[in-house]
Amino acid sequence: MEKPLTQHIRADKRPLTLKEYEQVGGYEAVRKVLKEMDPKSVTTLVKESNLRGRGGAGFGTGMKWSFVPLNAPKPKYLVANADEMEPGTFKDRILLESTPHQLIEGMIVAAFAIQADIAYVYLRWAYKTAGHAITRAIEEAKSAGYLGKNILGSGFDLEIHLHTGTGRYMCGEETALLNSLEGKRATPRAKPPFPQVSGLFGRPTIVNNVETFCCLPHIINNGPDWFKQLSRTGDAGTKIYGVSGKVKRPGAWELPMGVTMRELIEEHAGGMQDGLKFRGALPGGASTDFLVEQHLDVKMDYTDVAAAGSRLGTGTLIILDDHTCPVGFVRNLEHFFAQESCGFCTPCREGLPWVEKILTSIDAGEGREEDLQLLNFHTKYLGPGNTFCALAPGAMEPLQSALKYFREDFERHIQDKECSYRGKEVSAVH
């Protein structure tokens, strides 16, 4: 099984130096695109590879690049979204800490394709180890002539800067991230214009996820057909999948796109902890709909997970077991989303705290029958098309699916005036 993204990660997670990275083929893709290819051919090759963005939305990477006007005057900008604030998600951290040169090489390839001359790595504030690794890698790449003016004598210029964010989930939305980079409040922008035409400081800009960039050197070196055959489905490549929750071996693994949820949980995560049973999982971080036991054999790709009623998102499973209260589980998530609302639009600003308040009452045994109707109301009116960005609709996904699959738990809380799971978590561990 080929694992291009993680094949050179050491057991102790120490990042490869520039020399070590070059010894395993590092920066060969940069040499190839700068000496043998033109920007349009790079974009075409990435289109043909069917690389879809690994940040959550799954939009075609090459297609996204093609919207950037190549003849626009510079500056043009490229941004790596390394904020990774989605609860339950930690795949980018592995790449940032262990293979920073792979990210930089991918960014150089992408910058050449759109003819960007300035790039930023927008890093989550808490990723201190990653910050040190990226800073060192940028300095090494500059010293070796992979960054700066006239890279490898090609006439192409690129500077990469590290920018540390202040820790807001809202910056996962690319236009809010751009506002933050400009020193403004992290609120989303109206679209159009789209960032590809008017982004950072009003200039053409591409924002891609860390894992997306890390795929690029391998696609350039090995070709689009090779990348497509790595997958088990029509969604190409490998994917870094993660599993958290009460499994025996929580962690992350690079696997073929389209691995099933069952294989992820039972083979790689070691199955559920002793005495616990699987009830459900959020397949792509906190802002995705629950999948349950009937979905265990769904292929974890963008198409099949969507057909099952959820989203692949970041591909990182959060497991719900039979000793954990679904009401408390969802209440905790909605508390996070309510805190992270930027406050720009009324439905999100007012609706999410109301949802959290209702769930807190139900969880405390103070719920009323009409509370379930109110929660259903919110899942519709905070859904897609009713808010300025996707934060509130994403927050509604775990809630609406919990009401669908675990409704009896909500009803029992209201009828019994207490949580029947109290004490179960302790007994399950001991």
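Some points to look at:
- Scanning the stretch 201-234 for residues that are over 21 Å from the mean Cα position of the chain (by Cα) and crowded, with 24+ Cβ neighbours inside 10 Å, we see that the one that is nearest to residue 160 (Cα to Cα) is 204.
- Complete set of residues in the stretch 109-168 that are out of contact with any Phe, Trp or Tyr (no Cβ under 9 Å at 6 or more places or on another chain), small (Gly, Ala, Ser) and part of a loop (DSSP other than H, G, I, E, B): 126, 145, 155
- Residue match in the stretch 135-144 (condition: closer than 24 Å to residue 69 by Cβ and either charged (D, E, K, R) or in contact (Cβ under 8 Å) with a residue 12 or more places away in the chain (or both)): no
- Considering the stretch 288-312, and only residues there that are among the β-branched types (Val, Ile, Thr) and surrounded by 23 or more Cβ atoms within 10 Å (Cβ to Cβ), the residue that is nearest to the chain's Cα centre (by Cα) turns out to be 288.
- Just one residue in the set 13, 74 is touching a residue at least 24 places away in the same chain (Cβ under 8 Å), assigned by TED's automatic domain parsing to the domain that holds residue 108, exposed (fewer than 14 other Cβ atoms within 10 Å of the Cβ) and not in a helix (DSSP H, G or I); that residue is 74.
- Condition check for residue 348: over 22 Å from residue 291 (Cβ atoms) and of a type in the set (A, V, I, L, M, F, W, C): yes
- Candidate set: the stretch 24-52, residues that are of a type in the set (Lys, Arg) and within 16 Å of residue 156 (Cα to Cα); chosen: the one surrounded by the fewest Cβ atoms within 10 Å (Cβ to Cβ): 35
- Any hit, the stretch 18-26, residues being touching a helix residue (DSSP H, G or I) at 6+ places or on another chain (Cβ under 7 Å) and over 23 Å from residue 92 (Cβ atoms): no
- Qualifying positions in the stretch 341-373 - in contact with a Leu (Cβ under 8 Å, 6 or more places away or on another chain), at pLDDT below 95 and surrounded by fewer than 18 Cβ atoms within 10 Å (Cβ to Cβ): 347
- Boolean, residue 249 is of a type in the set (D, E, K, R), assigned by TED's automatic domain parsing to the domain that holds residue 78, within 28 Å of residue 306 (Cα to Cα) and not in a strand (DSSP E or B): no
- The one condition in (1) touching a residue at least 12 places away in the same chain (Cβ under 8 Å); (2) over 17 Å from residue 378 (Cβ atoms) that residue 307 fails to fulfil: (1)
- Contacts under 6 angstrom Cβ, first residue in the stretch 207-218 being assigned by TED's automatic domain parsing to the domain that holds residue 130, partner part of a helix (DSSP H, G or I) and of a type in the set (Ser, Thr, Tyr), 6 or more apart: 212/61
- Of all residues in the stretch 342-392 being more than 23 Å from the chain's Cα centre (by Cα) and among the hydroxyl-bearing types (Ser, Thr, Tyr), the one that is farthest from residue 310 (Cα to Cα): 361
- Pairs linking a residue in the stretch 46-62 that is modelled with pLDDT of 95 or more and assigned to a loop (DSSP other than H, G, I, E, B) to a residue that is among the hydroxyl-bearing types (Ser, Thr, Tyr) and crowded, with 19+ Cβ neighbours inside 10 Å, with Cβ atoms under 8 Å and 6 or more positions apart or on different chains, are 51/61; 51/212.
- Yes/no for residue 30 being among the aliphatic types (A, V, I, L, M) and assigned to a helix (DSSP H, G or I): yes
- Residue match in the stretch 416-428 (condition: of a type in the set (A, V, I, L, M, F, W, C), at pLDDT 95 or above and out of contact with any Asp or Glu (no Cβ under 6 Å at 6 or more places or on another chain)): no
The values are calculated or read from the model by the stated rules, or taken from the named source; none is laboratory data. Just so you know, these numbers come straight off a predicted model, no measurement behind them. Please note: Cβ atoms are built from the backbone with ideal geometry, for glycine as well, and neighbour counts cover all protein chains shown.
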